[in-house]
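Undergrad: First, the structure itself, so that you have it in front of you.
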Amino acid sequence: MAYETSQSEPTSVELLLDSERFLWLVAVVFFGIGDLVTTAIGLQLQYVVEAGPVVGDVIRAYGTTSMIWLKMLVFVLCYGLWRVVPAPHRVGVPLGLAVLGVLVTLWNVFVMGIAVL
């Protein structure tokens, strides 16, 4: 025996669409701030270098604060992409930034932990 409701379960796409603001928040916190802060701290440690070829070159040429401008450029481009891509596909933009941000922030913390040991 089971209880049946008249409302159907939301699909995964609907759940993502309902979480779009949250995904943008996670993207800003982790990709924007978390990666920036952990990279800046990590670069102060011995034996830690920026692994990204473009970002590494920019940091070497213009300093660590240049990462702020790169992050802003990425967010502007991604926001522009998000504006032109129709729903539901556009939810992939903040989702991708959020997932990437969490991963690179955790990776940076891992690298710093190894460098300190």
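Undergrad: So how do F30, F22 line up by other beta-carbon neighbours within 10 Å, fewest first?
TA: Going from sparsest to densest Cβ surroundings: F22, F30.
Undergrad: Ok, one more. Can you bin region 53-117 into rounded, prolate or oblate? Criterion: square roots of the alpha carbon gyration tensor eigenvalues sorted a ≥ b ≥ c, rounded for a/c under 1.5, prolate for a/b above b/c, oblate for the rest.
TA: oblate
Undergrad: Expressed as an acute angle from 0 to 90° and rounded to the nearest 10, what is the orientation of the C-alpha long axis of helix 66-84 relative to the principal long axis of the chain?
TA: Helix 66-84 sits roughly 20 degrees off the main axis of the chain.
Undergrad: Convert 20 °C to kelvin, take the viscosity as 1.002 mPa s, use the Kirkwood radius over C-alpha pairs of the chain as Rh, and evaluate the Stokes-Einstein diffusion coefficient in µm²/s, rounded to a whole number. Before the final figure, lay out the partial values.
TA: Numbers: Rh = 16.1 Å.
Taking Rh from Cα pairs, D becomes 133 µm²/s.
Undergrad: How fast does region 1-62 diffuse by Stokes-Einstein, in µm²/s, taking the Kirkwood radius from C-alpha pairs at 20 °C and 1.002 mPa s? Before the final figure, lay out each step's value.
TA: Details: Rh = 15.4 Å.
Taking Rh from Cα pairs, D becomes 139 µm²/s.
Undergrad: With a cut-off of 8 Å between alpha carbons and a minimum separation of six or more residues, what is the relative contact order of region 30-116 in percent?
TA: 51
Undergrad: Still on this model: Please build a GNM for the chain, connecting alpha carbons under 10 Å apart, and tell me which residue among V91, V54, V104 fluctuates the most.
TA: V54
Undergrad: Any idea what angle helix 92-116 forms with the longest principal axis of the chain, computed on alpha-carbon atoms, 0 to 90 degrees, nearest 10?
TA: For helix 92-116, the angle is close to 40 degrees.
Undergrad: Quick check for me: using +1 on Lys/Arg Cβ and -1 on Asp/Glu Cβ, what's the dipole size of the chain about its Cα centre, in debye to the nearest 20?
TA: Numbers: 5 positive and 8 negative charges, 92 e Å.
In total the dipole reaches around 440 debye.
Undergrad: Give me W24, W107 sorted ascending by neighbouring Cβ count inside 10 Å, so fewest comes first.
TA: Values: W24 19, W107 14.
With the fewest neighbours first, W24, W107 line up as W107, W24.
Undergrad: To continue, here is another question. Before rounding to the nearest 500, sum -39500 (n - 2.57) across all DSSP H runs of length at least 4 in the chain and divide by the residue total; then give [θ] at 222 nm in deg cm²/dmol. Display every interim value, and only then the final one.
TA: Details: 6 runs with 76 residues, N = 117.
One gets -20500 deg cm²/dmol as the mean residue ellipticity at 222 nm.
All of the numbers you see were taken from the coordinates with simple rules; none came from a lab. Keep in mind that this is a model prediction, so the values were computed, not measured. Here Cβ is always computed from backbone atoms with ideal geometry, including for glycine, and neighbour counts include all displayed protein chains.
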